[in-house]
1. Open to solvent by 60 Å² or more (accessible area, probe 1.4 Å) and at pLDDT 70 or above, is that true of residue 198?
2. Which residues, taken from region 31-63, are within 22 Å of residue 220 (Cα to Cα) and open to solvent by 10 Å² or more (accessible area, probe 1.4 Å)?
3. Assess whether residue 150 counts as being modelled with pLDDT of 75 or more, open to solvent by 50 Å² or more (accessible area, probe 1.4 Å) and over 22 Å from residue 130 (Cβ atoms).
4. Just checking, does region 181-194 include any residue being aliphatic (A, V, I, L, M), closer than 30 Å to residue 242 by Cα and modelled with pLDDT of 75 or more?
5. Among the residues of region 8-24, are any within 23 Å of the chain's Cα centre (by Cα), at pLDDT 95 or above and β-branched (Val, Ile, Thr)?
6. Going through region 88-130 one residue at a time, which ones are open to solvent by 70 Å² or more (accessible area, probe 1.4 Å) and either not charged (D, E, K, R) or not in a helix (DSSP H, G or I) (or both)?
7. Just a yes or no: is a residue in region 38-61 within 19 Å of residue 133 (Cβ to Cβ), at pLDDT below 95, in a loop (DSSP other than H, G, I, E, B) and of a type in the set (A, V, I, L, M)?
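The values are calculated or read from the model by the stated rules, or taken from the named source; none is laboratory data. Predicted model only: the values in this text are computed from it and were never measured. Cβ coordinates were reconstructed from backbone atoms using ideal geometry, including for glycine residues, and neighbour counts include every protein chain displayed. The area values use the complete protein model at the heavy-atom level, side chains included, leaving out ligands, DNA and RNA. Shrake-Rupley method; radii C 1.70, N 1.55, O 1.52, S 1.80 Å.
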Amino acid sequence: MWDGDGVGRAGGADEAGRIGGPDEAGGEAIGVLVVDDDFRVARVHRAYVDRVDSFRVVGVAGSGEQALSAVDELRPDLVLLDLYLPDVFGLDVIPRLRTAGHDCDVMVVSAAREADAVRGAVRHGVVDYLLKPFDFEDLRGRLERYAVQRGMLRDTVVRGQADVDRVLAGAAMPVPPSVPSRLRRLPKGMSAETAGLVERTLREAEGSLSASECARLTGVSRVSARRYLEYFHTVGAAEVSLRYGATGRPERRYRFVAPGRRGVVSGRGRA
């Protein structure tokens, strides 16, 4: 049977019957139901979700029937749905959810690489499709993107065709003017939330940071931290210094600077 012990940790049901607790920003956490027939995989996915701010796992289901029962009782906002379930094909769960009146979003997390599965997922309106195996950063970026799009869709006001077009394009509201331009047009695969986290960490650091130090402070991987730090260097929001050790390659260290004051510093002085 489905595991509902995440309910107590996520908080009680709101007026709409959804499960959630306050996130760090003071809003309601996004309740997630993890559906996977392998309990070990489900445990890993559950741990991943619980590490992402504003998300809380409310339950775990191991079959299609269990998923339907869990959605009935827990009313999650998002279902992480595996396709290879022991009783039904995962995509067949979605129309049954809709027939039962549930409007929760569905994100497919599956090893299914068949084109028919991907096309079927698109037809059923899934919000994303993530191939197994994946790591925490893969899921984190997609959950963060989903949270942003969900918030924009919830708050949008349709005044004309342009607003409708933005909704259908997955960007219901323009980025607020207060958001720096360097966080508005990020390269593909980078999220504004992670970029903002890295920038705040860099800005608040006493002195410079290496990619490893930034990764430890933010919780992202070292590779991801290095990618964001290099992006800020490229757009002029960070300067780079090289720390030379006794052996090996010099360590690249990053310091936040106001855009327009970009400088590259070597171990022997400013270049």
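1. Criteria not met by residue 198.
2. 41, 43, 44, 45, 46, 47, 48, 50, 51, 53, 54, 56
3. In short, no.
4. yes
5. Checked against the condition, which is being within 23 Å of the chain's Cα centre (by Cα), at pLDDT 95 or above and β-branched (Val, Ile, Thr), region 8-24 yields no hits at all.
6. 89, 99, 103, 113, 114, 122, 124
7. Within region 38-61, one or more residues are within 19 Å of residue 133 (Cβ to Cβ), at pLDDT below 95, in a loop (DSSP other than H, G, I, E, B) and of a type in the set (A, V, I, L, M).
Okay, residues lined up against (1) out of contact with any strand residue (DSSP E or B) (no Cβ under 6 Å at 6 or more places or on another chain); (2) farther than 14 Å from residue 33 by Cα; (3) touching a residue at least 24 places away in the same chain (Cβ under 8 Å):
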residue: 73; (1), (2), (3): yes, no, yes
residue: 88; (1), (2), (3): yes, yes, yes
residue: 96; (1), (2), (3): yes, yes, yes
residue: 101; (1), (2), (3): yes, yes, no
residue: 108; (1), (2), (3): no, no, yes
residue: 141; (1), (2), (3): yes, yes, yes
residue: 151; (1), (2), (3): yes, yes, no
residue: 157; (1), (2), (3): yes, yes, no
